[in-house]
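Worksheet: the structure to be examined is printed underneath.
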Amino acid sequence: MAEPIFEIADLRVSVADMTRKPLFGAAPRLEILKGLSFVIPRGTVLGIVGGSGSGKTTLGRTLVRLMQPSSGRMVFDGTDITHLDDARLRPLRRRIQMIFQDPMSSLNPRLTVGRTIGAPLGAGARDARVAEALEQVGLPAGFAQRYPHELSGGQRQRIGIARAIAMRPDFILADEIVSGLDVSSQAQVLNLLGSLVKELGLTLAFISHDLSVIRRLCSRVMVMQAGLIVEDAATDALFERPAHPYTRELLDAIPTPDPSVRW
């Protein structure tokens with residue numbers, strides 16, 4: 001097995017439960033992630049799957065430190081990032097990138113594509129790096145002059161991918177990035193991600209509620225339910241021999257044109 005890029009031990013995340021806040025005093029804490037421990041080897045395409053409320057998005061945002069862990073330990077490429085402050089975390093931000101679910105809300109409508117992709121880059125090679133990133137996601141360099149509202153949903157998601165890879169990261173988190181696309185655009189984006197992982201040597205964590213999408217892209221699958229990891233297996237093994245009843249429920253929910261076919 002390849003060396004780990006992420007090592008997670010007893011990771012817990014809790015938030016204030018505002019639905020139970022008393023008239024006076026602080027709201028009670030609601031535990032979202034309940035002591036997760038796992039390793040992501042370098043070069044892995046990890047699928048994180050689960051239904052609504054399973055904790056998969058909270059896990060993803062915690063991995064990239066958009067959310068603060070309550071306890072536990074997160075080690076990225078040998079560096080403990082669990083409680084790093086912003087100043088010490090900033091040098092690692094370039095190596096840990098995220099592609100958001102809704103590209104339109106994550107792109108500034110007042111900025112051109114080129115300015116959006118190039119914003120975190122040094123001034124020296126900015127234009128060349130923007131053009132390179134656009135080419136890598138299958139878009140012409142002229143798209144740098146366009147605005148988000150001029151693009152289709154699939155094109156906007158490619159811009160989100162270009163913005164992430166422009167930083168030449170080691171790890172990318174993709175959170176439900178094809179859920180809002182039509183089937184044809186989904187296939188194109190998944191094929192693009194698969195190619196970029198191989199070409200750039202990326203480690204990718206791909207969050208989805210859809211196991212059919214996970215199967216197409218990922219080499220390993222982690223199934224979450226109610227803040228816990230209930231199954232963690234190689235993709236083929238999980239589809240052929242699911243070990244947990246909840247995994248079987250997710251597999252049974254995958255639509256198939258032939259009702260006699262079983263996963």
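The values are calculated or read from the model by the stated rules, or taken from the named source; none is laboratory data. Remember, predicted model here, so these are calculated numbers, not experimental data. Cβ sites come from the backbone with ideal geometry, for glycine too, and all protein chains shown count toward neighbours.
Quick look at the numbers
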{"quantity": "Options V223, V213; residue that is buried (at least 19 other Cβ atoms within 10 Å of the Cβ), more than 19 Å from I32 (Cβ to Cβ) and either among the β-branched types (V, I, T) or in contact (Cβ under 8 Å) with a residue 40 or more places away in the chain (or both)", "calculated": "V213"}
{"quantity": "Residue that is modelled with the highest pLDDT [pool: residues in region 148-182 that are polar (S, T, N, Q) and touching a strand residue (DSSP E or B) at 6+ places or on another chain (Cβ under 8 Å)]", "calculated": "Q157"}
{"quantity": "Selection within region 84-94 - part of a loop (DSSP other than H, G, I, E, B) and in contact (Cβ under 8 Å) with a residue 12 or more places away in the chain", "calculated": "L84, R94"}
{"quantity": "Among the candidates V197, V189, residue that is in contact with a strand residue (DSSP E or B) (Cβ under 6 Å, 6 or more places away or on another chain) and in contact (Cβ under 8 Å) with a residue 24 or more places away in the chain", "calculated": "V197"}
{"quantity": "Qualifying residue in region 87-106 (condition: over 15 Å from E7 (Cβ atoms), among the hydroxyl-bearing types (S, T, Y) and at pLDDT below 95)", "calculated": "yes"}
{"quantity": "Output for region 55-83, where each listed residue is in contact (Cβ under 8 Å) with a residue 60 or more places away in the chain, more than 18 Å from the chain's Cα centre (by Cα) and at positive phi", "calculated": "G72"}
{"quantity": "Checklist (1) among the polar types (S, T, N, Q); (2) loosely packed, with under 15 Cβ neighbours inside 10 Å; (3) within 22 Å of R95 (Cα to Cα) applied to T19, failing item", "calculated": "(3)"}
{"quantity": "Residues located in region 112-128, provided they are modelled with pLDDT of 90 or more and either within 20 Å of I177 (Cβ to Cβ) or touching a strand residue (DSSP E or B) at 6+ places or on another chain (Cβ under 9 Å) (or both)", "calculated": "V113, T116, I117"}
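Conditions (1) of a type in the set (S, T, N, Q); (2) loosely packed, with under 15 Cβ neighbours inside 10 Å; (3) over 22 Å from L192 (Cβ atoms), marked per residue:
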residue	(1), (2), (3)
I99	no, no, no
D102	no, no, no
S105	yes, yes, no
L111	no, yes, yes
T116	yes, no, no
A133	no, no, no
P140	no, yes, no
